[in-house]
Amino acid sequence: MTRITIDPITRLEGHGKIEIFLTDEGDVENVYFQVPELRGFEKFCEGRPVEELSQIVTKICGVCPGCHHMASGKAADAVYGVKPPPTAAKLRELFYMAHFVHSHIAHFYALAAPDFVVGPTAPPAERNILGVIGKVGVEIGTEVIKQRRIAQEIQALMGGHQTHVVLNIPGGVRKGLTPEQRDDIVEKAKGFIEFSKFSLKIFGDVVLGNKDYVDLILNGPYSLVLHSMGLVDENNKVNFYDGKVRVVDTKGKEHCKYAPEEYMEYVEERVEPWSYLKFPFLKKIGWKGFVDGQDSGVYHATPLSRLNAADGMATPLAQAEYEKMYETLGGKPVHATLAMHWARLIELLYSSERCLELAQDPDITGKDLRAPLDNVPDEGVGIVEAQRGTLTHHYWTDEKGIVKKVNIIVGTTNNNAAICMSIKKAAEGIIKKGVKVDDGMLNMVEMAFRAYDPCFSCATHHQRGKMPLVVNFRNKSGDIIRTASRD
Amino acid sequence: MEYHPTIVSFLCNWCSYTGADLAGTSRMKYAPNVRVIRVMCSGRVDPTFVLTAFEEGADGVLICGCHPGDCHYHEGNYKCLRRYKLLQMYLQQMGIEKDRLRLAWISASEGKQFAHLADEMTAAVKALGPCKIKENIETLS
Amino acid sequence: MEANDKKAKPKIKMAVYWGAACGGCCVSVLDVHEALFDVVAAADLVFWPIALDTKYKDVEAMADGEIDLTLYNGAVRNSENEHIAHLLRKKSKILVAYGSCAHMGGIPGLANFSNREGIFERVYQTSESTVNPDRVRPQPVTKVKEGELTIPEFYNDVRTLDQVTDVDYYLPGCPPQTERLVEVFMAIVTGAELPPKGSVVGALEKTQCDECTRKKTENKKIKEFKRPIDFVDDGETCFLEQGVICMGPATRGGCGYRCIEGNAPCRGCYGPPADVPDPGARMMSAIGTMIDSNDEKEIQKIVEQIADPAGTFYRFSLPGSILRRKLL
């Protein structure tokens with residue numbers, strides 16, 4: 001048994017490492033994806049006033065703080081048994097759409113695009129945003145940064161703090177919009193829509209227009225046949241802010257659809273001693289191990305799974321793209337992991353259209369921002385879609401609203417088992433006996449991971465242009481028998 | 001080794017320090033565990049002083065000021081009272097027993113009361129055992 | 001910066017690393033937006049796990065002091081965070097504790113109200129969606145059939161960066177406001193004279209109250225404390241004068257009072273003003289002055305209206321405070 005360690009995993013949010021075990025012949029025996037970090041939010045939120053939680057949980061993640069903020073706001077509403085007034089709910093969703101725009105732009109252009117625009121086995125020095133700009137032009141690069149900046153500015157305007165937003169309070173929001181601010185957002189939303197269409201066009205030209213890439217998406221070692229999870233509205237269309245959680249099986253048939261407060265009947269988590277991150281799975285099917293297929297309890301919660309789980313998109317342009325994607329890829333559901341990148345761009349378009357829709361809604365400049373809190377606080381669940389998966393916050397408080405217990409299932413956590421399996425499958429497909437492991441191959445293993453957009457994406461450069469990696473092949477006694485490296 | 005509590009006390013110059021001094025000059029016997037720091041007014045006692053005393057190994061902290069209405073600087077002792085209330089809430093959240101911090105009003109003529117207070121507090125802090133804050137911080141370092 | 005200056009000065013080598021972090025500080029670096037090109041022209045980023053593929057081995061291979069400037073964000077929660085803190089100290093000329101977590105412990109520092117056992121018990125056992133009959137816990141070393149797997153040791157306590165290694169500067173904030181970072185970065189790059197070692201940079205000497213534009217009067221007198229849910233903020237009056245705890249008086253300015261702009265009271269992420277060793281103590285002192293009562297029973301009643309004083313006054317600074325953690 002020999003072993004390849006990748007530590008730390010890079011170009012994502014958070015700490016992680018991968019251990020690949022090879023048989024003596026050189027085929028992949030097993031792969032472990034380990035998360036070496038834990039901070040303990042589920043413990044240290046105890047004793048805090050529940051209205052403070054929406055500002056504490058944003059610190060779970062500095063890239064998707066808005067997601068935790070929204071889930072927390074909704075959970076706190078549920079604790080008080082209230083729903084925010086229409087203006088407040090729409091303001092929250094409007095903010096949230098800008099949040100999705102910033103994140104999906106950053107992920108596609110800095111994380112995904114290099115592998116496709118420049119090429120998965122291209123020299124590492126070129127496999128970054130600068131390489132992408134080199135191929136598509138400086139103008140586009142500047143436009144990417146500008147659109148992301150505009151999305152951040154909308155978040156700062158509405159939420160005060162640009163990253164760790166303070167918008168929510170139980171029962172509603174703290175701040176409204178003036179007509180002038182609304183007009184400004186309308187113009188910006190139109191800009192988002194154009195930019196989304198343009199991004200899809202790039203994807204179409206560069207990726208779908210390239211036979212090798214299409215082959216990689218459809219036939220590369222990147223498919224996992226799993227149940228798909230996503231939030232849907234009352235028409236079963238994708239919605240990031242509100243609705244019910246729907247899970248469809250590997251053939252696209254509905255497995256369950258649950259309201260937030262029912263989540264514990266459908267999702268369970270298990271613990272492994274070699275990772276700090278828990279492994280959720282579908283309770284009614286049960287844990288069958290790190291396997292895929294119709295009978296496995298492993299599921300994924302990603303842009304692709306959201307599109308699989310829904311019957312369509314709620315806005316027209318995104319709906320047209322949705323239909324085009326499924327037609328191209330041979331119908332629903334799609335299990336090709338790399339198609340997550342396509343789904344993400346369709347979501348970018350939806351977020352932009354929804355942003356415009358909400359900004360143009362007459363309620364958006366309303367003054368009724370908070371519902372009164374007349375009930376004794378108790379217990380509540382809030383669920384939203386984070387960019388990288390279904391996010392659940394569950395709070396219990398005493399009669400004064402001081403938190404007694406917190407339970408959270410985070411977006412990427414849903415995908416823990418799936419990520420492990422994706423990496424293993426990619427490694428099995430790429431690393432084979434008799435073939436020398438090189439830099440390009442190792443990058444292709446990492447591509448399995450990146451498709452999930454595990455929480456962070458970098459809107460900037462890959463400065464040194466290097467991806468230094470040393471791989472030590474050890475025999476059973478632990479002696480190094482061969483070293484493969486790239487600078 | 002028997003545990004002898006260390007109690008750091010902040011006594012205001014005009015009333016409580018004089019009162020404590022009176023206990024001494026009257027040759028009253030009382031527990032020797034109280035270490036005295038004289039301040040001009042109990043209102044001078046910053047919460048930082050109390051926390052630092054614990055950090056440096058005090059098992060208990062005693063603050064004494066003039067009786068309400070008698071403060072040499074009019075309102076200083078009231079400020080002290082309010083800070084003391086806040087400190088107590090904080091310390092209890094931090095797992096520190098409420099008897100380790102005490103605020104008392106001692107006038108210049110209350111030597112006997114000061115001696116009694118010193119004995120009482122020493123007994124209370126002795127019953128609680130040594131305060132583990134300093135040890136805790138040293139372990140963390 | 002003049003084009004000639006850019007050519008004349010060699011690029012500085014810069015690293016950004018995260019301990020127990022959320023990524024927000026890395027986002028604050030990215031939020032330079034279009035100024036990115038200026039940053040890139042002045043600095044070579046040599047280690048930044050969120051963005052670059054440099055591995056730990058490459059840092060180990062660098063010469064001591066080879067990195068000119070390292071921004072270490074995140075708290076020290078486990079053995080890996082500490083190990084890399086020591087490594088980066090060795091390899092860096094200037095080590096900056098970047099952001100609240102490295103500076104004072106930050107939000108992860110709230111875990112100092114508990115300990116490893118308490119946290120593991122909640123996360124891996126009593127969590128309502130978790131089923132763990134065999135009481136499995138993450139272990140630093142696990143034997144699997146293929147070999148041994150390791151993960152860092154989770155310490156009992158959260159520490160600040162300067163509690164494990166020597167720190168040159170502190171750049172506070174959760175995360176630091178990007179404009180402040182750019183000011184500090186430009187100062188370093190243009191070779192301006194730096195303040196004495198151990199200084200807080202990128203923040204004002206004065207408190208939030210100095211920057212905040214809410215209406216304030218000379219006398220703050222509070223008869224009753226309210227939680228933000230207990231009243232409707234008028235959007236323009238000082239929070240404390242409305243009876244809501246705002247950490248402004250005990251917090252450095254420099255963030256642009258961004259939370260207050262969002263109509264939420266300050267929670268102190270920029271840390272205490274100069275010469276204040278403990279922000280919570282400062283806040284208790286300030287509030288002690290503001291309470292409008294001299295009657296002991298009334299004072300007791302008013303003070304009990306403050307929900308969670310320890311978690312509010314020390315929201316970002318528990319590990320860096322005088323007491324550092326709850327006694328358990």
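The number of residues in the range A:265-305 that are in contact with a Ser or Thr (Cβ under 6 Å, 6 or more places away or on another chain), part of a loop (DSSP other than H, G, I, E, B) and facing chain C (nearest Cβ under 7 Å) comes to 2. In the range A:4-20, the residues that are outside any loop (DSSP other than H, G, I, E, B) reach residues that are of a type in the set (Gly, Ala, Ser) and surrounded by 22 or more Cβ atoms within 10 Å (Cβ to Cβ) with C-beta atoms within less than 7 angstrom, at least six apart or across chains, in these pairs: A:Ile20/A:Ala427. Yes or no: A:Lys197 of a type in the set (D, E, K, R), in contact (Cβ under 8 Å) with a residue 24 or more places away in the chain and more than 21 Å from A:Met70 (Cα to Cα)? In short, yes. Selection over the range C:119-167 of residues that are within 9 Å of chain A (Cβ to nearest Cβ), part of a strand (DSSP E or B) and touching a residue at least 60 places away in the same chain (Cβ under 8 Å) gives a count of 2. So, of the residues in the range B:36-91 that are under 13 Å from the mean Cα position of the chain (by Cα) and of a type in the set (D, E, K, R), which turns out to be surrounded by the fewest Cβ atoms within 10 Å (Cβ to Cβ)? Looking at residues that are under 13 Å from the mean Cα position of the chain (by Cα) and of a type in the set (D, E, K, R), I get B:Arg38. Where helices (runs of 4 or more DSSP H) fall entirely within the range C:215-328, those with at least 2 residues that are out of contact with any helix residue (DSSP H, G or I) (no Cβ under 7 Å at 6 or more places or on another chain), away from chain A (no Cβ under 11 Å) and modelled with pLDDT of 95 or more are at C:296-303. Could you tell me how many of the residues in the range B:91-101 are touching a residue at least 24 places away in the same chain (Cβ under 8 Å) and of a type outside the set (Asp, Glu)? Final tally of qualifying residues: 3.
Checking B:Ser16, B:Ser26 one by one, the residue that is polar (S, T, N, Q), touching a residue at least 60 places away in the same chain (Cβ under 8 Å) and surrounded by fewer than 16 Cβ atoms within 10 Å (Cβ to Cβ) is B:Ser26 and no other. Can you tell me which residues in the range B:116-140 are touching a helix residue (DSSP H, G or I) at 6+ places or on another chain (Cβ under 7 Å) and either outside any helix (DSSP H, G or I) or crowded, with 21+ Cβ neighbours inside 10 Å (or both)? Selection gives B:Val125, B:Cys131, B:Ile133.
Restricting the range A:436-464 to residues that are modelled with pLDDT of 80 or more and assigned to a loop (DSSP other than H, G, I, E, B) leaves a set whose member that is nearest to the other protein chains (Cβ to nearest Cβ) is A:Tyr452.
From the set of residues in the range C:7-35 that are in a helix (DSSP H, G or I) and surrounded by fewer than 19 Cβ atoms within 10 Å (Cβ to Cβ), which is farthest from the other protein chains (Cβ to nearest Cβ)? The qualifying residue farthest from the other protein chains (Cβ to nearest Cβ) is C:Ala8. Among the residues of the range C:128-149, is there at least one that is in the same structural domain as C:Met62 (by TED's automatic domain parsing), farther than 30 Å from B:Leu91 by Cα and surrounded by 18 or more Cβ atoms within 10 Å (Cβ to Cβ)? Scanning the range C:128-149 turns up no residue that is in the same structural domain as C:Met62 (by TED's automatic domain parsing), farther than 30 Å from B:Leu91 by Cα and surrounded by 18 or more Cβ atoms within 10 Å (Cβ to Cβ).
Please indicate, with yes or no, whether at least one residue in the range C:98-108 is more than 9 Å from every other protein chain (Cβ to nearest Cβ), touching a residue at least 12 places away in the same chain (Cβ under 8 Å) and farther than 30 Å from A:Cys45 by Cβ. For the range C:98-108, residues more than 9 Å from every other protein chain (Cβ to nearest Cβ), touching a residue at least 12 places away in the same chain (Cβ under 8 Å) and farther than 30 Å from A:Cys45 by Cβ: absent. So C:Asp68 clears everything in (1) in contact with a Phe, Trp or Tyr (Cβ under 6 Å, 6 or more places away or on another chain); (2) part of a strand (DSSP E or B); (3) more than 28 Å from B:Met94 (Cα to Cα) except one condition, right? Which one? Failing condition for C:Asp68: (1). Candidates in the range C:38-84 are the residues that are hydrophobic (A, V, I, L, M, F, W, C) and more than 27 Å from C:Gly191 (Cβ to Cβ); of these, the one that is nearest to the other protein chains (Cβ to nearest Cβ) is C:Ile50.
The values are calculated or read from the model by the stated rules, or taken from the named source; none is laboratory data. It should be emphasised that the depicted structure is a prediction, and the values quoted were computed from it without experimental measurement. Glycine gets a Cβ as well: all are built from the backbone with ideal geometry, and neighbour counts include every protein chain shown.
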